[in-house]
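K.L.:
Mind having a look at this structure? Questions to follow.
The values are calculated or read from the model by the stated rules, or taken from the named source; none is laboratory data. Fair warning: this is a prediction, and the values are worked out from it, not measured in the lab. Don't worry about glycine lacking a Cβ; one is built from the backbone with ideal geometry, like all the others, and counts go over all protein chains shown.
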Amino acid sequence: MNIFIMILLSFSMVGLIDKIQGNRWKLAQEFDKGLSAMGSLAISISGIYCVGITLVRTYAGTISGWTEGMLVDPSIVIGCLLAPDLGAPFLTAELSSNPNLGYFSGVVVAGCLGQFTSFQLPVLFSALEEKEKGPMMKGFLHGIFAIPIGLLAGGVLLGLPVKEILINISLISVVCFVLAMAFMKFSSIVEKTMITFGKFIGYGSQLMFAIVVVGLFIPGWKVVDDVLVHEILTILIKMVVIICGGLVLANLCLRYLKRQLSWVAEKMNTNDFAIMGLLLNSINSLVIVALIPKMDKRGKRMNAAFAVSGAYLLGGQMVFVLSIGNSRVFYAYFFSKLIAGIASIIISMGVNRRNRSLPKKSA
């Protein structure tokens with residue numbers, strides 16, 4: 001068993017034990033928060049996973065024909081649009097003739113850029129209060145600039161030649177540049193576009209979930225194999241258990257490491273809530289929404305920057321990637337997100353420091 005999973009599984013068991021003994025340690029509520037994610041995860045993931053893989057397998061030849069002659073691997077497009085836990089690794093594996101490139105697209109690219117376009121911007125951003133969107137949008141911009149750094153690291157860990165990595169991230173670098181420029185020039189249009197895209201993903205996942213459920217009850221209407229349904233249910237249970245463990249761990253860190261968190265906050269020139277946010281962000285970015293109003297502007301930008309690639313580093317996405325059963329793929333996922341997340345924080349801190357050092361314009 002992976003060491004990260006072992007740790008989080010242990011904390012999940014601690015939360016379960018506390019639930020059994022009546023919340024004596026005040027951890028049962030964190031365990032329950034993780035359990036409550038099961039329903040929304042099932043609707044958003046299971047349909048795309050089952051129907052998406054079925055469609056790609058059925059029309060793999062047609063899709064390959066559309067992408068023939070492209071310099072970049074065709075699976076890169078899926079990685080740019082979908083998060084790993086929305087089924088990206090399994091879709092890209094069907095599209096790519098090179099297994100490592102398929103993993104690169106479905107795990108590394110999807111973990112850094114795909115999760116931002118399909119979830120962070122449309123879902124996290126839409127959950128924010130209006131007054132918080134300005135600083136968070138600037139933080140997203142810093143995070144976008146860090147994405148190619150994480151992708152390069154992930155590709156190297158997968159054993160891909162550097163030349164092949166650079167060719168395949170060229171399209172992504174252009175996408176990141178265009179997104180960054182669009183944020184700077186047309187932030188409101190980008191916001192509305194991405195929220196619409198997020199709603200489209202949401203409605204599509206719900207429709208696919210309905211297709212899967214109807215097939216379970218009416219065999220004559222079945223369009224997906226039962227094996228896929230069993231696979232995704234197993235993955236979902238594992239994801240929820242790890243989310244429970246992550247939330248219990250975060251609660252204990254916030255409870256017993258306050259002095260250490262304050263020391264880190266002082267060194268990073270921000271407040272305690274921002275550091276707490278970074279810790280929770282690595283498990284589930286939606287958990288930080290309630291903390292954002294309590295952060296200073298610097299902390300808000302840092303958390304938004306980290307959310308682009310670093311969010312869910314220790315959450316459900318990690319379990320989804322582990323279900324692939326390839327340790328090299330897991331480490332490529334983990335360190336690409338970690339490196340991109342750290343780079344985004346450094347970029348954000350550097351921009352904030354530069355802004356403070358600039359002379360103020362006279363009236």
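K.L.:
Given the structure, is V212 more than 30 Å from S10 (Cβ to Cβ), surrounded by 20 or more Cβ atoms within 10 Å (Cβ to Cβ) and not aromatic (F, W, Y)?
P.N.:
Working: more than 30 Å from S10 (Cβ to Cβ): yes; surrounded by 20 or more Cβ atoms within 10 Å (Cβ to Cβ): yes; not aromatic (F, W, Y): yes.
Answer is yes for this residue.
K.L.:
Kindly evaluate D272 against the criterion of being touching a residue at least 24 places away in the same chain (Cβ under 8 Å) and acidic (D, E).
P.N.:
Working: touching a residue at least 24 places away in the same chain (Cβ under 8 Å): no; acidic (D, E): yes.
In short, no.
K.L.:
Here is a follow-up. Give all pairs with beta carbons closer than 6 Å in which a residue from the range 7-35 that is without any contact (Cβ under 8 Å) to a residue 24 or more places away in the chain and surrounded by 18 or more Cβ atoms within 10 Å (Cβ to Cβ) meets a residue that is acidic (D, E) and part of a helix (DSSP H, G or I); count only pairs at least 6 apart in sequence or on separate chains.
P.N.:
Correct list of pairs: A28/D18.
K.L.:
On to the next question. Hey, could you check the range 132-165 for residues that are among the small types (G, A, S) and assigned to a helix (DSSP H, G or I) and say which is modelled with the lowest pLDDT?
P.N.:
Step one: filter the range 132-165 for residues among the small types (G, A, S), giving 134, 139, 143, 146, 150, 153-155, 159.
Applying the additional criterion that residues be assigned to a helix (DSSP H, G or I) yields 134, 139, 143, 146, 150, 153-155.
Numbers: G134: 77, G139: 87, G143: 92, A146: 92, G150: 95, A153: 95, G154: 96, G155: 95.
Result: G134.
K.L.:
While we're here: Please determine, by comparing only the residues of the range 102-119 that are surrounded by 24 or more Cβ atoms within 10 Å (Cβ to Cβ) and at pLDDT below 85, which one is nearest to C80 (Cα to Cα).
P.N.:
S118
K.L.:
Now a separate question. May I ask you to list the residues in the range 140-192 that are closer than 29 Å to N100 by Cβ and aromatic (F, W, Y)? Step through it out loud before you land on a result.
P.N.:
Within the range 140-192, the subset closer than 29 Å to N100 by Cβ is 143-180.
F145, F177 - these are the residues of the range 140-192 that are closer than 29 Å to N100 by Cβ and aromatic (F, W, Y).
K.L.:
If we scan the range 156-168, do we find a residue that is without any contact (Cβ under 8 Å) to a residue 60 or more places away in the chain and buried (at least 20 other Cβ atoms within 10 Å of the Cβ)? Break it down stepwise before answering.
P.N.:
First pass over the range 156-168, keeping only residues without any contact (Cβ under 8 Å) to a residue 60 or more places away in the chain: 156, 161-163, 166.
Checking which are buried (at least 20 other Cβ atoms within 10 Å of the Cβ) leaves us with none.
No, the range 156-168 has no match at all.
K.L.:
Any residue in the range 206-218 that's among the small types (G, A, S): show its pairings with residues that are part of a helix (DSSP H, G or I) and loosely packed, with under 13 Cβ neighbours inside 10 Å at Cβ separation under 6 Å, as long as the two are six or more apart or on different chains.
P.N.:
Close Cβ pairs satisfying both conditions: G215/W221.
K.L.:
Being part of a helix (DSSP H, G or I) and free of Cβ contacts under 8 Å to residues at least 24 places away in the same chain is the filter; apply it to the range 219-230 and report the residue that is surrounded by the fewest Cβ atoms within 10 Å (Cβ to Cβ).
P.N.:
So the first thing to find is which residues in the range 219-230 are part of a helix (DSSP H, G or I), and the list is 219-221, 226-230.
Next, from what is left, pick out any that are free of Cβ contacts under 8 Å to residues at least 24 places away in the same chain: 219-221, 226-227, 230.
Values: P219: 8, G220: 5, W221: 10, D226: 12, V227: 9, H230: 10.
Residue satisfying both the conditions and the ranking: G220.
K.L.:
Sticking with this one: Quickly run through the range 18-53 and pick out the residues that are of a type in the set (V, I, T) and under 24 Å from L322 (Cβ atoms). Full working, then the answer.
P.N.:
If we filter the range 18-53 for residues that are of a type in the set (V, I, T), which is where we start, we get 20, 43, 45, 48, 51, 53.
I43, I45, I48, V51, I53, listed by residue number.
K.L.:
Would you mind telling me which numbered condition in (1) part of a loop (DSSP other than H, G, I, E, B); (2) more than 18 Å from the chain's Cα centre (by Cα) I283 fails?
P.N.:
I283 satisfies all of (1) part of a loop (DSSP other than H, G, I, E, B); (2) more than 18 Å from the chain's Cα centre (by Cα) except (2).
K.L.:
Using beta carbons and a limit of 6 Å, which pairs, at least six apart or on different chains, have the first residue in the range 241-261 and under 14 Å from M6 (Cβ atoms) and the second one at pLDDT 85 or above and in a helix (DSSP H, G or I)?
P.N.:
V241/S12; G245/L9; G245/F11; G245/S12; L249/F11
K.L.:
Another question about this same structure. Say we look at the range 286-335 and pick out the residues that are in contact (Cβ under 8 Å) with a residue 60 or more places away in the chain, aliphatic (A, V, I, L, M) and outside any helix (DSSP H, G or I); which of these is farthest from L247 (Cα to Cα)?
P.N.:
For the range 286-335, the residue satisfying everything is I324.
K.L.:
Tell me yes or no: at least one residue of the range 286-306 is crowded, with 24+ Cβ neighbours inside 10 Å, within 20 Å of N251 (Cβ to Cβ) and modelled with pLDDT under 90.
P.N.:
yes
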